Every structure is written in C-alpha cells, then in structure tokens.
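Would you mind keeping the following structure in view while I ask a few things?
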Amino acid sequence: MSDQLHLFRKTDPLSSRAAACRAAQFHGAQCAAVLKALRLQPGSTSRELAQRMCMDRYMVARRLPDLRKKGAVKQGPQRVCEVAGHRAVTWEVTP
C-alpha cells in the first residue's frame with residue numbers, strides 16, 4: 001500500500017486515489033511478469049523480453065529499472081540485440 005501513496009496527493013479526490021490503486025496493481029503484475037520472463041531468459045534485452053512476452057517494449061523497458069531499484073534485477077553486459085540489431089543492455093535476475 002505504501003507504493004500507492006506516492007501516486008496521489010492527500011488533496012486528490014477519491015476517484016484519483018482509486019485510479020492510483022488500480023495503477024499500482026497493474027504495475028505490480030507487470031513487474032512480476034517481466035521478472036518471470038527474465039528468469040526464463042536471463043541475459044535478455046528489453047526488446048527481446050517484450051517480443052517473447054508479446055508485450056509492448058516500452059512497458060517492459062519501464063519495469064526493468066523499477067525492478068533494479070528493488071534489487072530484483074541488475075544490468076548485464078551490452079551485446080547486439082537479436083530483435084533490434086544494435087547494441088543494447090542486457091538484464092539478469094539478482095541472486
């Protein structure tokens with residue numbers, strides 16, 4: 001619930017608070033899905049994960065730094081992305 005407090009102000013109406021709660025639920029589900037996919041394909045780029053998950057690349061790319069802040073993942077070495085064809089950061093699940 002503490003993550004939700006940062007999504008709205010004390011002065012916001014109840015409808016905004018309810019929307020923040022829904023957004024926090026989506027955020028948590030997205031983080032869990034990205035983490036699960038990365039466990040199955042360690043060393044993937046965000047585009048590779050997105051393609052395998054059939055999800056939007058930008059959603060995946062936004063969740064990875066969130067997971068890094070929580071200590072769940074870390075950046076790996078750069079390499080040529082199989083999807084984009086250029087150098088990109090890889091990601092790994094932290095032990």
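No value in this document is a laboratory result; all are computed from the given coordinates. Since we're looking at a predicted model, the values are computed, not measured. Here the Cβ positions follow ideal geometry from the backbone for every residue, glycine too, while neighbour counts run over all protein chains shown.
Under 5 Å between amide hydrogens, which residues at least 5 positions from CYS81 or on another chain qualify, with H placed 1.01 Å from N in the peptide plane?
Amide H neighbours of CYS81: HIS86, ARG87, ALA88.
Rg(Cα) of the chain divided by 2.2 N^0.38 Å?
Values: Rg = 15.3 Å, N = 95, 2.2 N^0.38 = 12.4 Å.
Cα Rg divided by the expected 2.2 N^0.38 Å: 1.23.
Here's a follow-up. If amide hydrogens are placed 1.01 Å from N in the peptide plane, which non-local residues have theirs closer than 5 Å to the one on VAL73?
ARG68, THR94
OK, next. At a 10 Å Cβ-Cβ cut-off, how would you order LYS69, LYS74, fewest neighbours first? Each step should come with its number before you reach the end.
Details: LYS69 9, LYS74 14.
With the sparsest Cβ surroundings first, the list reads LYS69, LYS74.
Rounded to the nearest 500, what is the 222 nm mean residue ellipticity of the chain from helices alone, with -39500 (n - 2.57) per DSSP H run of 4+ residues and division by all residues? Could you put the intermediate results ahead of the total?
Values: 4 runs with 52 residues, N = 95.
That comes out to -17500 deg cm²/dmol.
Taking only the alpha carbons of the stretch 42-95, what extent do you get along each of the three principal axes, in Å, biggest first?
28, 22, 14
From the square roots a ≥ b ≥ c of the eigenvalues of the alpha-carbon gyration tensor of the stretch 31-71, which class results: rounded (a/c under 1.5), prolate (a/b over b/c), or oblate?
Because a/c hits 1.5 or more and a/b fails to exceed b/c, the stretch 31-71 counts as oblate.
Through the Karplus equation 6.51 cos²θ - 1.76 cosθ + 1.60, θ set to phi - 60°, convert the phi angles of the stretch 54-60 into ³J(HN,Hα) values in whole Hz; use x for Gly and Pro.
6, 10, 5, 4, 5, 5, 5
Enter the angle in degrees (range 0 to 90, nearest 10) between the Cα long axis of helix 14-40 and the first principal axis of the Cα atoms of the chain, meaning the one along which they spread out most.
Approximately 20 degrees, to the nearest 10.
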